[in-house]
Structure formats: structure tokens, C-alpha cells
């Protein structure tokens, strides 16, 4: 057993923190948000130069071939710095292409992603009471030489900036949903693709709605040798997404807590630093307890997903759901407590705390609420519910 | 990053399992009533502990010279999981093995180690910890039990309370005020007290569910030999802090709590598995998912503390998280059990209509003390916010010389 990050992982994290402090300091993020400015292109290029866009892609495609534990060192720093931009959409969509895309697709897309030339989006989940890729109103009907895609997705992260979109669709028409989910790579510029950018709570996490009106997609744009591979691509990509969001939450929650704790040491009231009063210090202790709990389970979940052999006590799906449920509750608790410790200033536009609060809420709403992940945890622990009533 | 045990540790776990499988039938064959007398409890404890000692299967992380197996805290954790959670015999020396004896090993003289540790490991001596008093709980340094020099030794007078297993204990680790004019923290000394000595009396405290675990202990001019001072004279505060850190470090209490939490999960599975989420069970479903997740967090936090211990670092404030976890998780679990049982959760006694003879409501009552015993949640939050986050002490506690 060794529960420490190795030297290389510590180096990756230090470099990420330096890069973000230099290229995207928190005051700058705040200013970009005020002026509704997206992440500047040169910063994205810098991220590409650091190797981040290909962090977990194999070297064959120009990637670094890192583990998820290695990647987590970068993600935690991104969360800490509230780094805007479509990194997670690009990371997860590229991973779907890697897992399911035919060789030609991988060769065309992945090296360009690694070099920072392409933004991708992953249009997976949808509204309609279901939060997994199987739900919603998005269908692929097979036709000669390919598929016809129909449907809508409400809030797709990074969609407006995307050069390519990986979409999940249910095979078949609404009246015959029986063949499961499949992923397709779509060009947003083709006829029938309608993208409408939306204003978002967290301006650093852009979202847009997607509508496909009978978009003809050739068969070679299907991810997976056959449509039946969709579910396994879906499972692995959603685990990656859950883990990534959890590390983003970990870095953000840690930073929000630090801001509040530093303030509690210097702000005085009734002749004492407010951090000397138990009402305040116990809130700080609760923040630390929550953050360290999330850190513990996130380290473990990354390890479970990295392991070549399945862990004895958990599937990747269970680890992903547990880390995500913990992240949702932790980030929420920390921004509420940090705001209370900071007092009224934290409720102003001028202070940065609302940026953390917006990120926390956005992450907790993306891809399904807490109850959805809790049901997965129950299912994976033998609290299965009858088929047909399964789902978010 | 690697959460796996080493191959050697896995083999060790296997060997321990084999030993358990070989030795449990013999214990189970012995008559032991559901409601044993203290004498029967003691007898069974001593028998099982002796058996464990003969195979060096208790406190295996202690040096071989005092009766341990010279292994690491990781093997100790494995043994706790594989043997102690089975409750083959009542765990009467949990306080000794978790707190008193580790601190004797840490701060004691060679003579003290040799005199006390092997005897306890052989099952011959049971220990209690004499810290809390009616007027000094969380504010431990406010204690008033006095130790006055008498010839070469000491005379102890005063009262302790909430003393677990004092009614079984042969020896006690007692913090007393040895110099009344000194500051609150400086005038304390730690003593190793013979509980059988004249002047010691033990009175049971019945807890809210009727069980007898805690006691009041009275000292009326009890003599303590000079060689039974642990650490420096007037240096008892440091020894006390070290003791509490051991309690939250390698005592593995969170592992010992697992069977009762697992019992709630099993009950929940029986009640909830197969049922679709409804308005009536949605809150319980969320709660059980949270419980399962927090248990995983607690286990990992326990491993992080353990990992620190195997690298030789003394236990630090991180153990406080594990204490907060097990106490809060168990309280929520026991409350959830009653919610799941509905009206039957308020029934006691030996009747087929009463689940498990009323174990759940009794254990729910017992869990109230979890966030108070072994360091109250409030004190633990002070510790983590001050020692890890660096927040200032409050004005009252900044001055150690304030009047008592």
C-alpha cells in the first residue's frame, strides 16, 4: 500500500498550478467572466503545449499515455483555479473517439486534439427524467449506408465552441427502442444541425442546446465496430466524466475553504480574530473534514479506474458514483460555509466566492442530480430495483 | 498510488483466517449464556486472549520483546478486521490495547513495559483509563483529582467518571494533579494505578439503554509506588495528549464499529432491495446510499492514518476525522434502522414480533454517546481547525494560567 502521489505526479501538479497561476489567475478569470470573454486561444495552445489535451491518450496519437491518477493532478488544479474553457468536453469526447472510433477517425481527430487544433463536445445526457445516455428524445434510425439522427439535447457543455460533436443516440425510432445506445461523430456544420448557445449560471462552463433534424450520418461515423459497443463506451466515458468532475470539485472546494480560513485568521470582531470563535472554527473544521473526505475517496476512485484488474470491493461504476455523490455534497457544503465565514462581502459580485458557488451548483446539476448517483450506489450494492423502474 | 496490501500482507491475512477457522469451533463449543455474568465474561475473555497471545495474534505491531509480533500497524489492522470484529469473546481490554498500553510502550520505562505489556497480552490484566471527572471532560486540564507525595510514593484522592470497563480493570492509567500551584497543564502527572488496591471503589453507571459499560471511580488515599509514574513527574499532560492521539490513531475503533453498522445495512437491504423508489422510501434510499459512501470514505481515511503510522510518524490530528466519521455514521445508521423498522423499532424484549429482541432501539440509545466519548465532536473540531488549519485558540483558552 502506498497512498502518496509519486514524484512525477507531484511535478505534474506543481507545473499545472504554476501554469494556471500565470496564464489564468483567479482575478483574470473573474475579469473574463465580467466581460463574458471566453478562454483566450493562446491559453488553450499553452495547455496543448503542456500536453494536457492528450494527457490520457496513447502516444500513438501524440498523447502522453498518463494514468487517471496522473491526470487527476491537473484536474484538481483546474478546479482550484476555476479554469474556464471546454477542457472536460474535449477530454471526454476524445476519449469516446479513442474507445469506440474506427482507426481512420482516431487518426484524423486525436492528434489534432492533442495539438490544440480541435475543440470537441460530448452530447450524451439529456432531459426528460433520464440522465443516462439511454434516456431522452434522441434517435438514430438506420438507413442505407448510415443513419438518420433526430432529436434534441438541452444543455451540452462546450457545444458552441466544438469543431466536432460526439452524440449519444438511441438506436431505432421512438416506437421501437430496443437496440440500445450508440455514439456518432457529427460535424456541426452539416445541414440539419441546429446549435443555440445559452446563457449559463457559470460563464466558464458554456452550454448550448442541440437539435438534429434528420441529419444523415454515414456509417463510418459510428463509434464502435458495431452499434452494440455503445453501452461500454458510455459506461467508461461517464466514469471518466464523473471522476474528472469530482477532482474539479476537490480543487475548487479546497480553494474556497482556504479563502475563508485565511479571512477568519485576520478579520477581527469583538476584539478577536473571528477564527478564534467556535461558531466559525467549527464551520472551518467541517469544510476541511468534507474536503479531506472527498480527497480520500477521489484518490481511491482514480486508483480503481486505473487498475488493470478490477478492485475487490468496487466496480468502476460504483467508484464513479460514490466519488460524484461525495463531490456534489462536499462542494455545496464548502461554498455555503465559506460564504457564511466571509460574511456579506461573499455575496457581492466583487468577491470571488460566487464563482465557486456557481461552479459547485453547475457541476452538481450536470449529468444528473445527487439522487441519480445514489441510485447507482444502491444498485451496485445489491439494492437493485426491478427492471423498468430503473433510471434517474 | 496503490491501495492493495502487499502479497506478504495478503498471505498474512489468509493465515489469520485459517487460524480463526481452526480455533473458533472450540470457543463456540464452550457454554456461554446470552446474558453472561461478569465472571463468565472475564473467563471467556481471558481464555480467548491467552489463545491469541500464544500465537502472537494480538497487538502484532508491538515488539516481540513485550509480546507483540514485531510486525507493522498494517498487520495489526488486518488482525483487527479478521479477529476482533468477530466478537468471539467480550472485548474487555479494548481501552488497554487501544490507549493505555500503547502509551506505556511509547512513554514508559523499560521496566514498566516489561511489567505491564506482556501481562495484558496474556489476558491476565485488564486496563481502564482514568481521565474524565465530573467537573472535567472536554476541559480535561480542569481535573481536580490530587496526587500528593507520601514518602517515596504518592497518595491519590479524588473521583473519576465515564470509566469504561473499570468494573473489570486490574490497572488504570490515571491523570492527577500533582502540583496545585502550577499552571493547569503543567502540574499534572500520569500514574499507573493498581485498581485492586485499598481505597479504590468502583460504582456502576447505567447508561440510557440499561447497559453497564461506564463507571464512577473513587480514590480514597490510594497509594501509588514511585515507579508507577508514567513519564515525567508533572509532565502528565503530554502523556495524556499522546494517549488520545493513539486512541484516534491505531486503535482501529472504526473497524470495531463495522459489525453494528453492517447490521443496519443488512436490515436496509432486506427492506429496500427490489422495491422501486417511492415517495415513502426515497429519503431512506438516499440515506443508505450516503451511509455506504461515508463508510467507504471512513475506511480510506483509516488507511491514510494507518499508512502514516507504518511510515513511523506519530499519530497526528488526521485521526480526528476517523473519530468524527465513525461516531456520526453510527448515529445516523442506528437512527435509520429505527425508521426502517417503523413502529416495531420502538419494541423491546424477547418476542417474535420484536426484531432481534430489541437490539436496534437499544443500540440506537447507545449511539447517543458516540459523539461525546473518546473526544467530543466539538473538541475534535477545535483540534483540526487549530492544528491543521492554524486557526487561533479562543481567548479563554489562550491563557493556560487562568484561574480554575
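The values are calculated or read from the model by the stated rules, or taken from the named source; none is laboratory data. What you see is a predicted model; the values in this text were computed from it and never measured. Glycine also receives a Cβ, built like all others from the backbone with ideal geometry; neighbour counts cover every protein chain displayed.
Structure data summary
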quantity	calculated
Condition met for residue A:63 (assigned to a loop (DSSP other than H, G, I, E, B) and either in contact (Cβ under 8 Å) with a residue 24 or more places away in the chain or under 24 Å from residue A:233 (Cβ atoms) (or both))	yes
Of residues in segment B:311-340 being over 20 Å from the mean Cα position of the chain (by Cα) and touching a residue at least 60 places away in the same chain (Cβ under 8 Å), the one farthest from residue A:293 (Cα to Cα)	B:340
Of all residues making up segment B:72-86, the number that are at pLDDT 95 or above and assigned to a loop (DSSP other than H, G, I, E, B)	1
Residues satisfying the stated conditions in segment B:253-286, i.e. under 14 Å from residue B:335 (Cα atoms) and more than 10 Å from chain A (Cβ to nearest Cβ)	B:260, B:261, B:262, B:263, B:264, B:267, B:283, B:284
Helices (runs of 4 or more DSSP H) contained entirely in segment B:287-404, each with at least 3 residues that are within 14 Å of chain A (Cβ to nearest Cβ)	B:319-341, B:377-383, B:395-398
Residue match in segment A:84-98 (condition: over 24 Å from residue A:204 (Cβ atoms) and in a helix (DSSP H, G or I))	yes
Residues of segment A:264-291 satisfying the condition of being at the interface with chain B (Cβ under 7 Å from one of its Cβ atoms) and not in a helix (DSSP H, G or I)	A:272, A:273, A:277
Per-region count, segment A:329-352, residues within 17 Å of the chain's Cα centre (by Cα) and away from every other protein chain (no Cβ under 11 Å)	2
Subset of segment B:218-236 [within 16 Å of residue B:160 (Cα to Cα), within 25 Å of the chain's Cα centre (by Cα) and surrounded by fewer than 21 Cβ atoms within 10 Å (Cβ to Cβ)]	B:218
Which numbered condition residue A:209 misses (of (1) under 18 Å from the mean Cα position of the chain (by Cα); (2) assigned by TED's automatic domain parsing to the domain that holds residue A:150; (3) part of a helix (DSSP H, G or I))	(3)
Residue identified as on the phi > 0 side of the Ramachandran plot and not assigned by TED's automatic domain parsing to the domain that holds residue A:26 among A:214, A:264	A:214
Residue A:55 vs. criteria free of Cβ contacts under 8 Å to residues at least 40 places away in the same chain and either within 22 Å of residue A:304 (Cβ to Cβ) or touching a strand residue (DSSP E or B) at 6+ places or on another chain (Cβ under 9 Å) (or both)	yes
Residue in segment B:341-352 that is touching a residue at least 60 places away in the same chain (Cβ under 8 Å) and either crowded, with 17+ Cβ neighbours inside 10 Å or under 29 Å from the mean Cα position of the chain (by Cα) (or both) present	yes
Filter result (under 19 Å from residue B:236 (Cα atoms) and in contact with a helix residue (DSSP H, G or I) (Cβ under 6 Å, 6 or more places away or on another chain)) within segment B:78-97	B:96
So residue A:101, is it at pLDDT 95 or above and either buried (at least 24 other Cβ atoms within 10 Å of the Cβ) or more than 23 Å from residue A:213 (Cβ to Cβ) (or both)	no
Check on residue B:101, crowded, with 19+ Cβ neighbours inside 10 Å, touching a residue at least 40 places away in the same chain (Cβ under 8 Å) and not in a helix (DSSP H, G or I)	no
Failed condition for residue A:294, given (1) within 10 Å of chain B (Cβ to nearest Cβ); (2) closer than 25 Å to residue B:394 by Cβ	(2)
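The rows are residues; the columns are (1) in the same structural domain as residue A:327 (by TED's automatic domain parsing); (2) under 18 Å from the mean Cα position of the chain (by Cα); (3) farther than 18 Å from residue A:366 by Cβ.
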{"site": "A:194", "(1), (2), (3)": "no, no, yes"}
{"site": "A:198", "(1), (2), (3)": "no, no, no"}
{"site": "A:235", "(1), (2), (3)": "yes, yes, no"}
{"site": "A:238", "(1), (2), (3)": "yes, yes, no"}
{"site": "A:241", "(1), (2), (3)": "yes, yes, no"}
{"site": "A:253", "(1), (2), (3)": "yes, yes, no"}
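Matching residues to (1) more than 21 Å from the chain's Cα centre (by Cα); (2) crowded, with 17+ Cβ neighbours inside 10 Å:
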| position | (1), (2) |
| --- | --- |
| B:142 | yes, no |
| B:147 | yes, yes |
| B:152 | yes, no |
| B:172 | no, yes |
| B:183 | yes, no |
| B:188 | yes, yes |
| B:198 | yes, no |
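Okay, residues lined up against (1) in contact (Cβ under 8 Å) with a residue 24 or more places away in the chain; (2) more than 23 Å from residue A:288 (Cβ to Cβ); (3) in a helix (DSSP H, G or I); (4) not assigned by TED's automatic domain parsing to the domain that holds residue A:67:
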| site | (1), (2), (3), (4) |
| --- | --- |
| A:309 | no, yes, no, yes |
| A:323 | yes, no, yes, yes |
| A:327 | yes, no, yes, yes |
| A:331 | yes, no, yes, yes |
| A:342 | yes, no, yes, yes |
| A:354 | no, no, yes, yes |
| A:358 | yes, no, yes, yes |
| A:363 | yes, no, yes, yes |
